[in-house]
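Enquirer: Input: one structure, supplied below.
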Amino acid sequence: MATTNNKENQLKKKEIELIILRLETLSPEVYFSSGNGENISRDEMIKHVRANDETGREFIETEMEFLRALKDGKLLKQIFSIQSPQIASSV
Amino acid sequence: MPTRVAIVTNPSHDIATEYLYSWSQQIVANVISQSISFDLHELKGNNVTKENLTKLIEEKNPHLILFHGHGGNNRIFGFKTNILIACDDNEGLLINKIVHSLTCDSGEILGPKCISIGTKAFIGYQKEFKFAHLWGKTDGQRQTDVLAGMFLGPAFEVNKAILEGNTVELAYQRSQQMYVNNLQMLLTSPNPTVSKVYASGLYHDMVNQVALGNRNSSF
């Protein structure tokens, strides 16, 4: 059990590192508008992600959801179904 | 032909709702420039309250309501914390209307509830509506903010298509298609300043946008 938790923690750490690296490629003048009316600068978002607080976790989840969809082909499937709905529904 | 009546709410009380306001103005001007006529009533700033909305709906009996603001899964907000529409309270105001709720989350519970009691169609987002921007200080800066435009363009395509008289189905398809185009541009652009990081928010908005009710209805 301890090994599983350890692996999960390591994975979470790697996710955080990955998202921070991605955020650091953006201009510091970029702001993210969030649902509660907050507008968070790139640097503030990096802090949230690093702290793994609620805002940071939400950002990580959105990023990982997209990266997983890209990896497992779900994204391509969705793009295809929007571009050619008739063909996609008959497949 | 009877006059088509629409109501738009623009609380415009923080940077996110200021962006929605600036884009709303731009889209309406664009549609009017095509000689498409309709009677548009706007509630703006601190006038976006439940009382004013109720009065306006009862007076004008609009066919279409465009909400631009914050939201929750069972509510739509107006100016600051003023709740305009809430489940099990006043969602009956939206009966027989086409609704575009450009707010967070309201497509999750409020949208289906509205459809169950007779709202014609409800387009909205089941989760948070995300966008990134460069903090434009004027209408002009916000309207030409290319980064914000990647997110707001597809969202406002719904308004444009519906005001032009298209069906809800076509409005939804045009919006979804624009999300796809923007995603493809982000993912395939060789331009190093076009960051793929924005794709996650765009993808999130695309998959969480819903069109409920009678998709063949039109304004």
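Enquirer: Let me confirm one metric for peptide A:39-45, namely the mean number of other chain beta-carbon atoms within 10 Å of its residues' beta-carbons.
Expert: Per residue, the average neighbour count from other chains is 2.
Enquirer: If you place +1 on the Cβ of every Lys and Arg and -1 on the Cβ of every Asp and Glu, how big does the dipole about the Cα centre of the protein assembly as shown come out, in debye to the nearest 20?
Expert: Result for the protein assembly as shown is approximately 580 debye, rounded to the nearest 20.
Enquirer: Using alpha carbons only, how many angstrom separate the centre of the stretch B:63-94 from the centre of the stretch B:172-214?
Expert: Between the Cα centres of the stretch B:63-94 and the stretch B:172-214 lies a distance of 26 Å.
Enquirer: Longer than 24 Å from Cα to Cα, which of B:LYS50/B:LYS97; B:LYS80/B:LYS160; A:LYS74/B:LYS130; A:LYS77/B:LYS130 are they? Say none if no pair is.
Expert: B:LYS80/B:LYS160
Enquirer: A further question follows. Counting only other residues whose beta carbon sits under 9 Å from that of B:PRO154, what net charge do I get with K and R as +1, D and E as -1?
Expert: -1
Enquirer: Where a Cα-Cα gap under 12 Å defines reach, which aspartates and glutamates qualify for B:LYS137, not counting those fewer than 8 residues away within the same chain?
Expert: B:ASP14, B:GLU18, B:ASP145
Enquirer: Which residues' amide hydrogens lie under 5 Å from the amide hydrogen of B:TYR125, considering only partners 5 or more residues apart or on another chain, with H built in the peptide plane?
Expert: B:THR103, B:ASP105, B:SER106, B:GLY107, B:VAL210
Enquirer: I'd like to know how the stretch B:5-213 sits against the 2.2 N^0.38 Å rule of thumb: what's its Cα Rg over that expected value? Can you show the working numbers first?
Expert: On the way: Rg = 16.2 Å, N = 209, 2.2 N^0.38 = 16.8 Å.
Dividing the Cα Rg of the stretch B:5-213 by 2.2 N^0.38 Å gives 0.97.
Enquirer: Please give the net charge around B:ASP205, taking every other residue with its beta carbon less than 10 angstrom from that of B:ASP205, where Lys and Arg add +1 and Asp and Glu add -1.
Expert: +1
Enquirer: Given the options B:LEU186, A:GLN83, B:LEU56, identify the residue whose Cα lies farthest towards the positive end of the charge dipole of the protein assembly as shown (+1 on Cβ of Lys, Arg; -1 on Cβ of Asp, Glu).
Expert: Among B:LEU186, A:GLN83, B:LEU56, the one farthest towards the positive end of the dipole of the protein assembly as shown is A:GLN83.
Enquirer: So which aspartates and glutamates pass the test for A:LYS12, namely a Cα distance under 19 Å, with those fewer than 8 places away in the same chain ruled out?
Expert: Leaving aside aspartates and glutamates fewer than 8 places away in the same chain, those within reach of A:LYS12 are A:GLU24, A:ASP53, A:GLU54, A:GLU58, A:GLU61, A:GLU63, A:GLU65.
Enquirer: Just for the stretch B:5-213, what percent of DSSP beta bridges are antiparallel, to the closest 5?
Expert: The antiparallel proportion sits near 35 percent.
Enquirer: DSSP beta bridges in the protein assembly as shown, what fraction antiparallel, as a percent rounded to 5? Please list the in-between numbers first.
Expert: Numbers: 17 of 35 bridges.
Rounded to the nearest five, the antiparallel share is 50 percent.
Enquirer: While we're looking at this one, here's another question. Using each residue's phi in the stretch B:163-174, evaluate 6.51 cos²θ - 1.76 cosθ + 1.60 at θ = phi - 60° and report the 3J(HN,Hα) Karplus result to the nearest Hz, with x for Gly and Pro.
Expert: Per residue, the Karplus-derived 3J(HN,Hα) values read 4, 6, x, 6, 6, 4, 4, 5, 4, 5, 4, 5 Hz.
Enquirer: If a helix is a whole DSSP H run, which ones in chain A reach 27 Å or further along their own axis (Cα) and hold a mean Kyte-Doolittle hydropathy of at least -1.0?
Expert: Length and hydropathy pass: A:2-24.
Enquirer: Between B:ALA148, B:GLY136, A:ALA69, whose Cα lies farthest towards the positive end of the dipole of the protein assembly as shown when Lys and Arg beta carbons carry +1 and Asp and Glu beta carbons carry -1, centred on the Cα centre?
Expert: Checked the options; the winner is A:ALA69.
Enquirer: Taking H placed 1.01 Å from N in the peptide plane, check which residues at least 5 places from B:LEU84 or on another chain put their amide H under 5 Å from its amide H.
Expert: Amide H to amide H, under 5 Å and 5 or more residues apart or across chains, B:LEU84 pairs with B:ILE76, B:PHE77, B:GLY78.
Computed from the coordinates by the stated procedures, all read-outs in this text should not be read as laboratory data. As the structure is a prediction and not an experimental result, all values here were calculated from the model. Heads up, the Cβs are rebuilt from the backbone with ideal geometry, glycines too, and the neighbour counts pull from every protein chain shown.
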